Amino acid sequence: QVVDLVSHFEGEERIAPRFTIVPYDIPRGCAATYFPEANVLVPVRSVADKSNTPVSKSVVISIRPVTEESKQT
């Protein structure tokens, strides 16, 4: 199935369109992606305390079916 990945941070949604779901043995409720393809999901204002780098290992996302709008991107 092709889906859009949507990250949520401080009321803002960031969308990574048209990802293909592949079953993999990871904990329930988790997702894994490749980078840089999923960089768009990482909010630049969400940073690590000491290094001040974007926190790309812990991004809250939703998975939703592809929309007509995302099919065009």
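The accessible surface of the chain, taken with every protein chain in place and a 1.4 Å probe, is 54 percent carbon and sulfur.
For Val55, the solvent-accessible surface with a 1.4 Å probe is about 50 Å², rounded to the nearest 10.
Counting only GluC sites (Glu not before Pro) that DSSP places in a loop and that have at most 12 other Cβ atoms within 10 Å, the longest clean stretch of the chain runs over 38-73.
Rolled with a 1.4 Å probe across the full set of protein chains, the surface gives Thr53 an accessible area near 70 Å².
Phi-derived couplings, Karplus 6.51 cos²θ - 1.76 cosθ + 1.60 at θ = phi - 60°, listed residue by residue for region 32-49: 10, 9, 8, 10, x, 4, 9, 3, 4, 7, 8, x, 5, 7, 9, 10, 5, 4 Hz, with x used for Gly and Pro.
Quick check for me: using +1 on Lys/Arg Cβ and -1 on Asp/Glu Cβ, what's the dipole size of the chain about its Cα centre, in debye to the nearest 20?
Dipole magnitude for the chain comes out near 160 debye.
Heavy atoms of the protein chains alone define the surface here; on that basis the chain has 81 Å² accessible area per residue at 1.4 Å probe size. Label reach from Thr67 (point 7 Å along Cα→C-beta): in region 11-52, amide nitrogens under 15 Å belong to 12-19.
The values are calculated or read from the model by the stated rules, or taken from the named source; none is laboratory data. Here the structure is a predicted model, which is why all the values come from computation and not from measurement. Don't worry about glycine lacking a Cβ; one is built from the backbone with ideal geometry, like all the others, and counts go over all protein chains shown. Surface accessibility is based on the protein's heavy atoms, side chains included, excluding ligands, DNA and RNA. Shrake-Rupley method; radii C 1.70, N 1.55, O 1.52, S 1.80 Å.
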